[in-house]
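Data first, discussion second: the structure below is written as C-alpha cells.
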C-alpha cells in the first residue's frame, strides 16, 4: 500500500467524524435559539404609564347598613257586611208625574163577515198550461197570415239561401205577443224578417191554467223556401 492510499482512507474516516460534529453543533445552536428570551424594560416602552407600588389604592366608600324603622300598623275596623239596614223613605215625593194611559177600547166586529179573495200573483210564463194559446182562426189562418206577410229578403234570394227559423215568444193574458227570441236562425236578414212578422201578429187567444188566463211561452218554426 502506498502513501496516497493511506491518506485517502484517513480522510474518509475524518470526514465522517466532521459530519457528526457538524450535526451536533447545528442541533445545539437550534436548541439555544428556541430557548433564547429577550427581556424589555417596561419603562422604555412608549405609551405605558408606570404606577408606583407605594401609592395606596382608594376604594369607594361603602354605605353602612341602615336599620329600617319598625312601623306599627293598626288593623282597620271591619264593618259587619252581613247586617245591612235598608231604609225606605216613604215620605219622599217624586217629581215625575205618572203618565196617563189611554183607556182600552175593545174592537168591534161586524156580525157579517165578507169573504176576501186572496191577491192573485201573476206567475212567470209557463210552457205547458192546461189550454195552449192559439192564433185566431186556427193553424190554417196562421199559415195564411205568414204566407201573406213574409217578405223574402232580396239578398238571400240572390244567394239562394233557404232554411227554417225557430222562434220563441210569450203570449200574454190578453193575447199580446212579447219577448220574441230566435232559438235557431238561418241568416241575419232572414232572422230579422221572422221577428218582424211575429211582432206584427194580431193578438192570440190566451192560454189558460185552471180556467184562468196566464202567460205562456210559445215556440214556433217558420220556413223560408224559394219557389223554383
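Values for this structure:
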{"quantity": "Which of 215, 158 has the fewest Cβ neighbours within 10 Å, and the rest in rising order", "calculated": "158, 215"}
{"quantity": "Ascending count of other beta-carbon atoms within 10 Å, so fewest first, for 106, 12", "calculated": "106, 12"}
{"quantity": "Square roots of 5 times each gyration tensor eigenvalue, C-alpha, region 138-224, largest first, Å", "calculated": "27, 13, 10"}
{"quantity": "Sorted by Cβ density within 10 Å, fewest first, the residues 25, 198, 227", "calculated": "227, 25, 198"}
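Laboratory data are not the source of any read-out in this text; all were calculated from the coordinates shown. Since the model is a prediction, treat every value here as computed from it, not as a measurement. Heads up, the Cβs are rebuilt from the backbone with ideal geometry, glycines too, and the neighbour counts pull from every protein chain shown.
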